[in-house]
Amino acid sequence: MSEGLGSLPAPGDVSFPEEEAKVKAFWDEIGAFHRSLELSKDRKRFTFYDGPPFATGLPHYGHILAGTIKDTVTRYAHQTGHYVERRFGWDCHGLPVEHEIDKKLNIKTREQVLEMGIENYNNECRSIVQRYTGEWRTMVERLGRWIDFDNDYKTMDVTFMETIWWVFSELHKRNLVYYGFKVMPYSTGCSTPLSNFEAGQNYKDVKDPAVTVSFPLVDEPGVAFLAWTTTPWTLPSNLALCVNPELEYVKILHKELGAEFILLKARLCQVFPQMLTKKWKPAKAAELYEILESYTGAQLEGKRYEPLFPYFAGRAGAFRVVCDGYVTDDGGTGVVHQAPAFGEDDYRVCRAHGIISAGTDVPCPVDDAGCFTEEVSDFVGQYVKDADAAIVANLKERGRMVRKETYQHSYPFCWRSDTPLIYKAVPSLFVSVESLKDELMANNAQTRWVPGEIGTGRFHNWLRDARDWAISRNRFWGTPIPLWVSEDMEEMVAVSSIAELEELSGVKVDDLHMHHVENITIPSRTGRGELRRVSEVFDCWFESGSMPYAQIHYPFENADTFQEGFPAQFIAEGLDQTRGWFYTLMVLGTALFKKPPFQNVIVNGLVLAADGKKMSKRLKNYPDPNLVINTHGADALRLYLINSPAVRANPLRFEEDGVFSVVRDVVLPWYNALRFFAQQVLRWEAAAAAASGGGGEARFTPDSTRAEASGNVVDAWILAELQDLIKFVHAEMEGYRLYTVVPRLVDFIQQLTNWFVRLNRDRLKGTSGDEEAYVGLCVLYEVLLNMAVLMGPFTPFFAEFVYQRLRPLHAGYADETADPDDLGKAESVHYLMLPTFKESLLHPEYVEHMHTLQAAVDLGRQLRDRAGIVMKTPLKKVVLVVGSEEQKTGLEVLRSYILSELNAWDMEITLDQEAWCTYKALPDLKKLGRKLGKKMKAVKNAIGTLSHSAIQDFINTGRMEIEGEELTEGDLLVSLEFSGDAEKYAASTGKGAYAQLLVALDLEQDPALLAAGIARECVSTVQRMRKTAGLEPADEVEVFMEEVLESGEVVQAGPVTAALKSNEDYCKGKLRTMPVPMSLANPFAKVLCRDENVIDMPDGSKVTTKLMLTSPCVAVSAAKLEADYAGAAVDSVATLLTQLCGSGLPEKVNVTLDGVAMELSRGVHFFPTANDSLSA
């Protein structure tokens, strides 16, 4: 992988995805991930829990985002001195798997599963749980994530399942589990209850029928209660009506229907919707109804009414009015119908009033698939939601429906089958979460959440309002609940292990799935016969919440490992897991160990399509992740995601252009800096070899001591910026704030490429001598090397790419005594520890100096643009007016750089603000108006008369007294305005921290300035031609030029040539040669590039320059040849010399041409280059 510095293609030719593929192949070849674990095995453990995904679906951007966050943090932990075991896990049980099989086999009911056999059904489930593990592994590894797939864990492994049994038995011992009969969210599509947090995962806006139904009173013929519901299918199970005891109810005469109804006074609008229109006037009420009586809800309690349907009419104590405070006046009629099997409040209220008792004494005429049973004879076999229409028709036919409408609202759907949920009373095992609330909230307070408001808001509130957790599911493919019970449920045994099961039953098993343990019985210890296992399996969230223990088979194995690594230092998942995995981890960790199970958690938001909608395969509204990676690279995708709102738990609208912008703004400039470094190292080595006599090769060996001791202020500045970046990255990563790192990285790369490299380009090319070039290259090496190591966790591929090209230069590369994780010796950048910042190199004063330079240069460029003076044309003078001695000193040090950046010949830096500008102060009217009241006018007038020095004092002290009132910082809006010669100068002031900086450009032009501009334009053209020809900086060329005047005349030495000669030092400094007349070109020289350029001349005319680059080639002096050998053909001689002297020019050449013998001398008749012939 240690490819040479000379193997870096031009930016347009490099493919970052292809380079990443090479890096991955290199990692695979050396076993980089496992080697890194081996090198770190004796370090302090950093524990990371990876939430297990299902492998029944392919990875999407949400997985990629979470995986990138996890990989970044764990790489950082490894590279800061920790041992980080990273095992991939698979969620194998539960509804996602069963639902796939149910669809495949067209299974609709539990009975169908029992008919085919539980073993056969579970084998079908097992066959698909790892359907896409290969695709997952390919994607995860292509993203650069280092995690162990070969030593993964699966929730269906017997070791994992045995730990689940232990967890349950511990909860049972602590009286934290119980059997209960509760109304719960129920999935008819999956025939199982769901936990409250599962029920909240998939809400949709739906339209349901809403009906207002009459319930005639038994003792008052002609009078009826009115109740409103959006679930007509629950009406056949009605047992009671509920009112609020404290609210006011009225009996009305409905004038249109001629009927008397009782309902909440505040909800008359439910019966008369016209009351809600803008045109409604209370005077119209008399046309609609008449209030006959008024009651409190308490006065209505106990009133009996006729059953709506006959199915449960014989129940004693039912069909009466009861009171409860949950009834409100914000909807419906204020009279709520009670179907205790299908509403949590209904169940509670009916139990409290003795209408039902605990246990199974609840009319529930709906089967597991959500269809009516024979108890509801008129609608038997109908799916409840489909039966709404038939029930409404029945009510209308019997005259019991007063009003029907369509109600749009948000309704929960099953997160797996995508069918509407219902609420249904079912028996279930519960974890007593409510008894743990205080401990849960205390443990949550010890956990760092990123962003913090998730922990203090959303998650805290969820814990505060937590309900007992239903952990049992009436399914088959899962970990069976290890609870053996007597027939009367009085004796219960919670089995904790395979060994205990064998001890109690005499049966040894090696698999804990239902079909292996279903028929095992345990003898009763209290004379109750045989104990049998309850039929349910665990909710798969119980399994994933147990993964900290189950993945290592605790407590049966690895007790020391668990104790050392619990709680985990870090976890990360999506926002939806606040009610899922985060919650179950916290509940079980608190219940078992009285600790929060994780110390730090990053919560990411949803990744949406660019239009803000959910990503959909059907709609094809998002780009394929594989195509994005193969187009832009995994590093670019990683940086895009961790720099997005999603890392702050906000939604991200994914746009591929955003990934490309990372390539453009981060990866490509970084690559260009590396390539420029490589080019200049090769140039330096060639120059050093030539200086030593050319007898051997010179090798560039970077010296960090020389770099850090550099006296160049720009060197010191970039090293200070680097140290500040290192310090910043550590601080932010210790706080788990990934999203702050990328913007800082982008800024640093811009500082490196746009400022350090550009300001030092000529110096690094050797124009200031090879010693200066060496020191500058040492500095650039330090920056690039430290950046590669520092960015390893964020951009693992490109960090490796850079490191492998810099590594051979490092002294540690060939050091036989170095450790395998030492800099240079380390085979991979990811074996290295991240650099720590050096306080001695921070130099905040240099950073401030450079930022002031940047502000001044930016202002100067803006002024050039406004004045229409292109950068090629020099300025006679730049004036910098500064506000402090520190700024003046800093800019003086950087004088040569400012002159170069603004292409100016002279510069004045002054503190004399009054000579160049004046301060203008305006009051902040909004702020001062509140503060001063009536005195505002007098103060405003006084502010308008303030002198420059008075405002300067205010800036320095932050206070001022005017008209007896003290003004402080923020009361005045101060600006600096140019007061010099506006005809001669263009001027502008800075903003923010540089508000006291003024830049003025002398706009006057003279012939010398204009000639310099022409020379600069020509040089720029030649440099562009070199780039087009694919030349390296060290490649020598000859430049030939001719000029075409507007008249069409071709001249070899016209006005452009004159401008070049007057700026010869500049031209040679940039090109290492001078353009020479086209007529001197050897016709047999290798042409590398041709170009034409139209130049605007000072007199308004245009001159076209025709330029040609060739390889260096022998030049013949036509004049000397003619003088010594009259009649000799110059072209023929040139051809002969070119052929004879291909390997070098001798001092003399004897030739005979056309019968003429000639002795040709080097430096007289022929020369190495055309430039040499002109110098003779």
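The values are calculated or read from the model by the stated rules, or taken from the named source; none is laboratory data. Owing to the predicted nature of the structure, the values given are computational and were not obtained by experimental measurement. Here the Cβ positions follow ideal geometry from the backbone for every residue, glycine too, while neighbour counts run over all protein chains shown. SASA here: full protein model, heavy atoms, side chains in, ligands and nucleic acids out. Shrake-Rupley method; radii C 1.70, N 1.55, O 1.52, S 1.80 Å.
Computed with the Debye formula from one identical point scatterer per Cα of the range 1007-1110, without solvent, the log10 of I(q)/I(0) at q = 0.10, 0.19, 0.20 Å⁻¹ comes to -0.25, -0.93, -1.02. With a simple spin-label model that places each label point 7 Å from the Cα along the Cα-to-Cβ direction, the separation between S432 and L911 comes to 7.7 nm.
With a 1.4 Å probe rolled over the protein heavy atoms of all chains, the accessible area of L998, L925 falls in the order L925, L998, largest first.
Largest first, the extents of the alpha carbon coordinates of the chain on the three principal axes equal 139, 88, 55 Å.
Karplus-based coupling profile of the range 1036-1049, in residue order and whole Hz: 8, 9, 10, 10, 10, 8, 9, 10, 10, 6, 4, 6, x, 5, with θ = phi - 60° in 6.51 cos²θ - 1.76 cosθ + 1.60 and x standing for Gly or Pro. Within the range 960-1030, the proportion of C-alpha pairs whose separation exceeds 15 Å stands at 74%. Counting only protein heavy atoms and using a 1.4 Å probe, the accessible area of Y781 comes to about 0 Å².
Converting phi to 3J(HN,Hα) with the Karplus coefficients 6.51, -1.76 and 1.60 and the offset θ = phi - 60°, the range 751-765 yields 5, 5, 7, 7, 10, 4, 5, 5, 5, 9, 4, 5, 4, 5, 7 Hz in sequence order, with x at every glycine or proline.
Among the protein heavy atoms, those of K103 account for about 130 Å² of accessible surface (1.4 Å probe, every chain in place). Principal semi-axes of the equivalent ellipsoid, √(5λ) from the alpha carbon gyration tensor of the range 323-417, are 22, 20, 17 Å from largest down. The calculated 222 nm mean residue ellipticity attributable to helices in the chain amounts to -11000 deg cm²/dmol, summing -39500 (n - 2.57) over DSSP H runs of n ≥ 4 and dividing by all residues.
Computed over the range 1115-1175, the Cα gyration tensor eigenvalues convert (square root of 5λ each) into semi-axes of 17, 14, 10 Å, ordered from largest to smallest. Dipole check for the range 655-842: with +1 at the C-beta of Lys and Arg, -1 at the C-beta of Asp and Glu, and the Cα centre as origin, the magnitude is about 480 Debye. Take every Cα-Cα pair in the range 1-87 and report what % of them are more than 22 Å apart. Pairs farther apart than 22 Å: 48 percent. Sorted largest first, the spans of the alpha carbon positions of the range 872-972 along the three principal axes are 56, 26, 21 Å. What's the center-to-center distance, using Cα atoms, between the range 82-146 and the range 1107-1144 in Å? Each part's Cα centre sits 80 Å from the other's.
Once backbone amide H atoms are built at 1.01 Å from N, I471 has L429, F430, V431 as its partners under 5 Å, excluding neighbours fewer than 5 places away on the same chain. Rolling a 1.4 Å probe over the protein heavy atoms gives the range 1012-1103 an accessible area of 50 Å² per residue.
Taking amide H positions as modeled 1.01 Å from N, with prolines and chain starts lacking one, the residues under 5 Å from F1166 and 5 or more places away or on another chain are S1117, S1161.
Using only Cα coordinates, the Kirkwood hydrodynamic radius of the range 14-149 works out to 17.4 Å. Size descriptors for the range 393-458, from the alpha-carbon set: Rg then Dmax equal 21.5, 62 Å. Across the chain, the mean sequence separation of Cα contacts (distance under 8 Å, 6 or more residues apart), normalised by length, yields a relative contact order of 10 percent. Solvent exposure of the range 851-1002 amounts to 49 Å² per residue of accessible area, where only protein heavy atoms count and the probe is 1.4 Å. For the chain, hydrophobic long helices are taken as DSSP H runs at least 27 Å long by C-alpha position along their axis with mean Kyte-Doolittle hydropathy of -0.5 or more; these are 668-691, 713-734, 770-790, 1007-1028.
The charge dipole of the chain, taken about its Cα centre with unit charges on the Cβ of Lys, Arg, Asp and Glu (plus for the first two, minus for the last two), comes to roughly 2840 debye.
How about the range 682-790: which trypsin sites (Lys or Arg not before Pro) there are in a DSSP loop, with at most 13 other Cβ atoms within 10 Å of their Cβ? Counting only loop positions with at most 13 other Cβ atoms within 10 Å, the trypsin sites (Lys or Arg not before Pro) in the range 682-790 are R699.
Computed over the range 192-427, relative contact order equals 31 percent, with contacts defined as Cα pairs under 8 Å that lie 6+ residues apart.
Using only alpha carbons, the range 116-232 has a radius of gyration to Kirkwood radius ratio (Rg to Rh) of 1.18. Were the residues from S1020 through N151 laid out at 0.36 nm apart, the gain over their Cα-Cα distance would be 307.0 nm.
Taking every Cα-Cα distance in the range 655-842 and sorting them into 5 Å bins from zero, the calculated P(r) comes out as 1, 8, 15, 20, 21, 17, 10, 5, 2, 1, 0, 0 percent. At the listed q of 0.11, 0.13, 0.14, 0.16 Å⁻¹, the Debye profile of the range 192-427, built from one uniform point per Cα, gives log10 I(q)/I(0) equal to -0.58, -0.81, -0.94, -1.22.
The fraction of accessible area contributed by carbon and sulfur in the chain is 48 percent, rounded to a whole number (1.4 Å probe; ligands and nucleic acids excluded).
Here the gap between V1151 and K1102, fully extended at 0.36 nm per residue and compared with their Cα-Cα distance, gives a gain of 13.0 nm. Rounded to the nearest whole angstrom, the semi-axes of the ellipsoid equivalent to the range 683-768, taken from the Cα gyration tensor as √(5λ), stand at 34, 14, 12, largest first. Counting 0.36 nm for each residue step from D953 to R403 and taking away their Cα separation leaves a gain of 190.2 nm.
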